[in-house]
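Structure first, commentary second.
Read-outs: derived from the displayed coordinates by stated rules, not from any lab. Predicted, not measured: the structure shown is a model, and the values here were computed from it. Cβ: placed from backbone, ideal geometry, glycine included. Neighbour counts: every protein chain shown.
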Amino acid sequence: MFGTFQQTTLRIEVNAPVEVIRDSLLQPRQFKQWLWPQTFSAGLPDVLEKETTFTGYVGPIKVQHRVADLSAQHVCLLLWEGIDGFHEWRWGDEWVQSRIEGISLLPINLAQSLNLFRLKRFLEES
C-alpha cells in the first residue's frame with residue numbers, strides 16, 4: 001500500500017440519544033445520507049452485522065470494509081484498498097467518537113472531520 005501512516009481520533013457532542021446515533025451508524029439506509037459524496041455497493045443489509053463486507057467509493061477510489069467487531073455502543077470496521085487500516089466508532093447519549101488508523105494517500109483527518117460534521121448535521125435534522 002502506498003501512502004503514509006495516519007491516525008486520528010475525534011469526539012463530538014451531538015443532540016441525539018444513543019439509539020438514534022447507533023442507527024445512523026449501523027443502518028446503511030441512514031449512513032448513505034450523511035456520508036455523501038461517498039457511495040456504496042448494492043446489496044447492503046438493513047443493519048450492519050459482524051462480518052458484513054461492503055465496498056465504498058470516494059470518487060474513483062474504492063475502500064473495502066468489513067465489520068470486525070460490534071457491540072451495543074461500538075463498531076470496528078477493517079479497511080483495505082484505498083485505506084489499509086481500521087475505523088472504529090464509539091457512541092453514547094449525546095456523543096460520538098471516530099478513530100481511524102491506516103495507511104493511505106487520502107487525507108484521513110480531513111475526511112473524518114467532514115464526515116463527523118455531516119453526521120452531526122444529519123442527527124440535528126432528524
(request) Express the relative contact order of the stretch 1-73 as a whole percentage, based on alpha carbon pairs under 8 Å and six or more residues apart in sequence. (result) 21 percent
(message) Just to be sure I follow: if Rg is taken over the C-alpha atoms of the stretch 16-76 and Rh is the Kirkwood radius over the same atoms, what is Rg/Rh?
(response) 0.96
(request) Please report, largest first and rounded to whole Å, the three semi-axes of the ellipsoid equivalent to the chain, where each semi-axis is the square root of five times an eigenvalue of the C-alpha gyration tensor. (result) 21, 16, 14
(request) Using R₀ = 22 Å, calculate the FRET efficiency as 1/(1 + (r/R₀)^6) where r is the Cβ-Cβ separation of H74 and S126; round to 0.05. (result) 0.55
(message) Using a 10 Å cut-off around each Cβ, can you sort K50, K120 from fewest to most neighbouring Cβ atoms?
(response) K50, K120
(request) Give me the angle, in degrees from 0 to 90, between the Cα long axis of helix 108-125 and the longest principal axis of the Cα atoms of the chain, rounded to the nearest 10. (result) 20 degrees
(request) Give me the distance between the Cα centres of the stretch 1-53 and the stretch 63-126, rounded to whole Å. (result) 6 Å
(message) Students often check this: by mean Cβ neighbours within 10 Å, which of 22-30, 82-90 ranks highest, and how do the rest follow?
(response) 82-90, 22-30
(message) Quick check: residue separation of R66 and E19 times 0.36 nm, minus the Cα distance between them. What number comes out in nm?
(response) 14.7 nm
(request) Could you compute the FRET efficiency for L106 and I12, with r as their C-beta to C-beta distance and R0 at 25 Å, rounded to 0.05? (result) 0.75
